[in-house]
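Working notes for the structure below.
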Amino acid sequence: MLVILKKIFFIVLILAVNMYICEYMGNKLTARMELKRGYRITRVASAGFPMIRLVKFLSTDSRVNIWNFFIFLLSFLIWSAVPVTGSLVMIEEDYSFLISFAFYIMLIIAVLLGSSRSPHSNVFSENCKKLLINLSFIIPILLCGISVVLVNKTMSLKEMVNSQYEYWNIVVQPVGGLVFFVSMFFQLKMLGISRKSYMSNVVETGKEGKGLGKIIEKVSIYMTVFFLIAILNIMYLGGWQSFYIIRGEVMLALKFYFVFVMLLLMDKATGRIDSYKLMARINWKFLLPVSIINLIITFGFLVARDIYNLV
């Protein structure tokens, strides 16, 4: 029990530190791209401003409800089966791939349904559309994940990383990695990577607000971002595998922040997307067919190699 509590403490600490750093980086990058100064209230390069804003929100409004606590709980439950490092995983399961994505889908549904709890019917309708489209983007991600499962012959995320000691899965699954990244980007685009990236003016998910409830919502969005980046690293980029003389933990951090910055840059470069039909067309006419073709080719190659010895 003490070991599990210790792991929980370290996982929460790592997530909190990364959330603080990403909040600061996101604001600075957004400010520079919009020709603004960004954080400028505190000294030391304004590194303490995220904490000041957090305290400011709490002092303004601290009302929460049961739904907020449920979202907050799910935000950390998705990390119960995801290995942060080779030795830091809360629960080691052979089916951690399925368990982690089950919690992730529950979190997405909870966040979007939570923002739908409004007396205005148009808000509920917009969020229902957003929920269905967001869930549809999970399909190509899962299909690409199944391709990696077939290649590594395991559903354990930890074993997937151990299987990449010679070369990363992105080498043998470049198309799957690209589809996974694009699907991940559009999902986070809809949820709100930054304050101005949400699709509709009516939908409030991803908007910065005041009070503990909005802080919990922001934390859940960050947990979603971190989860998808961590899964991308584990499944395609070698996870915590060392790279020559660079330690695995350092490589994991470098890849994490590289992907995060890439997502922010793409988010700002693409601007607002106000058409649900456009999102649906991108998914059903490009991402989903390509992920299915990638899965069929992977399955056919493995059958030809392992059963018929043709390759």
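Just so it is clear, none of the values below were taken in a lab; they were calculated from the coordinates. Here the structure is a predicted model, which is why all the values come from computation and not from measurement. Quick reminder, even Gly has a Cβ in these numbers, built from the backbone with ideal geometry, and neighbours come from all protein chains shown.
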Revision key, fill the gap. Env charge @ M155, Cβ radius under 11 Å, K,R +1 / D,E -1, value -1
Study note, to complete from the structure: Full extension between L278 and L88 adds, at 0.36 nm per residue less the Cα distance, a length in nm of 64.4 nm
Practice item. Find, among the chymotrypsin sites (Phe, Trp or Tyr not before Pro) in region 234-288, those assigned to loop by DSSP (not H, G, I, E, B) with at most 12 other beta-carbon atoms within 10 angstrom. Key: Y244
Study note, to complete from the structure: With a 18 Å threshold on alpha-carbon distance, the violating pairs from K129/K189; K6/K214; K189/K268 are K6/K214
**Study point:** Inter-centroid distance (Cα atoms) of region 237-311 relative to region 135-169, Å
**Key:** 10
Check your understanding: R0 = 22 Å: FRET efficiency of N162 with I246, Cβ-based, nearest 0.05?
Key -> 0.75
